[in-house]
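Shown next, in structure tokens, is the structure this report addresses.
The values are calculated or read from the model by the stated rules, or taken from the named source; none is laboratory data. Bear in mind the structure is a predicted one, so any value in this text is a computation, not a measurement. Quick reminder, even Gly has a Cβ in these numbers, built from the backbone with ideal geometry, and neighbours come from all protein chains shown.
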Amino acid sequence: MVQNTIAIVWDFDKTLIREYMQTPIFEKFQVDQEKFWAEVDQLPRKYREQGVKVERDTVYLNHMLTCVNQGIFPGLNNQMLYELGKELRFFAGVPEIFDKLRDVVQKQPKYKDCRIEVEHYIVSTGLTQMIKGSAVNPFIDGIWGCEFIETPVKSELVSANTEQPIVFDIDPGKVISQIGTIIDNTSKTRVVFELRKGVNKHPEINVNGKMNADAYRIPFKNMIYIADGPSDVPVFSVLKKNGGKTFAVYAHGDEKGLEQVDTLLQNGRIDAFGEADYTEGSTSYLWLKSKVEMIADRIYEEYLEEIKAATSLAPGHIV
């Protein structure tokens, strides 16, 4: 595998947008989002009282389905989520930053010689359909997020009490009714392992199968991860330990956010941090640009070394 791809992996909420992406949903249905999230915060305790353990990161998905069933989010479906994604507002410099970082290698002739490319990916505990409907989707090479099923596939199993299949006349129609895919803060690490092996480009590859390091499509040292907080520590740790670059962001004026990313730096979780401002000339833009250049330079030097090693001396006269 030619390892000439640089993967820039982005978190979404509080990294590319200031607030949680579900805000347009609450606004559409005139629901108090603070009360929704307060209820979500209580769910682990309440379900524990029922003897059930739930995942804190993604139990909000179940609560959204509860709100659909109770008529709080009437008619909420994937198409609606996609349309609501158009209302998401991004930090300054987004989506322009994606192409600007691609241009770092595309406009350098020496990088073209070894066909270095920059790819952008989003890994989020939020909703894939909203990201797909947003302004960044045309600039992204892949999205990992949470997804809903609208029409569950019915079972054809036969009950032991009857010779005929039991058919329940329930058709939820085009509304979300089950959870399809879940991305939580620990499964984000699985995503970077998939990227390393190229599972997203070659689905026949088993992410858990053995693969030699020289066969990886994008080794960790060719990855940059950008996120906003402690919940991303598992990915930060994997990449930093294996030569990847890690960067944390906080919103302008957010003192708690600043303290949070500074703690990550002091604890050795990240390489650097900056404001979530990606306009050309900003600290975050300059840091990301310099790291893309640094990785590209290394790939180019490795490319020259491979050429040198593969080139034999020209034959001469025997004396």
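In table form, for the structure just shown:
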item	result
Tally of residues being assigned to a helix (DSSP H, G or I), touching a strand residue (DSSP E or B) at 6+ places or on another chain (Cβ under 8 Å) and of a type outside the set (Lys, Arg) across the range 235-258	5
Test: residue in the range 287-303 that is surrounded by 11 or more Cβ atoms within 10 Å (Cβ to Cβ), among the basic types (Lys, Arg) and within 22 Å of Val191 (Cα to Cα)	yes
Residue satisfying all of: in the range 121-160; β-branched (Val, Ile, Thr) and in a helix (DSSP H, G or I); nearest to Pro234 (Cα to Cα) among these	Thr128
Which numbered condition Leu76 misses (of (1) buried (at least 20 other Cβ atoms within 10 Å of the Cβ); (2) at pLDDT 95 or above; (3) of a type outside the set (Gly, Ala, Ser); (4) not in a loop (DSSP other than H, G, I, E, B))	(4)
Residues located in the range 277-307, provided they are over 20 Å from the mean Cα position of the chain (by Cα) and either outside any helix (DSSP H, G or I) or among the hydroxyl-bearing types (Ser, Thr, Tyr) (or both)	Thr279, Glu280, Gly281, Ser282, Thr283, Ser290, Tyr300, Tyr303
Residue count for the range 179-231, restricted to those that are in a loop (DSSP other than H, G, I, E, B) and touching a Ser or Thr at 6+ places or on another chain (Cβ under 8 Å)	7
Test result for Ala7, small (Gly, Ala, Ser), within 19 Å of the chain's Cα centre (by Cα) and under 27 Å from Ser187 (Cα atoms)	yes
Test for Val118: is it touching a residue at least 40 places away in the same chain (Cβ under 8 Å), of a type in the set (Val, Ile, Thr), buried (at least 16 other Cβ atoms within 10 Å of the Cβ) and assigned to a helix (DSSP H, G or I)	no
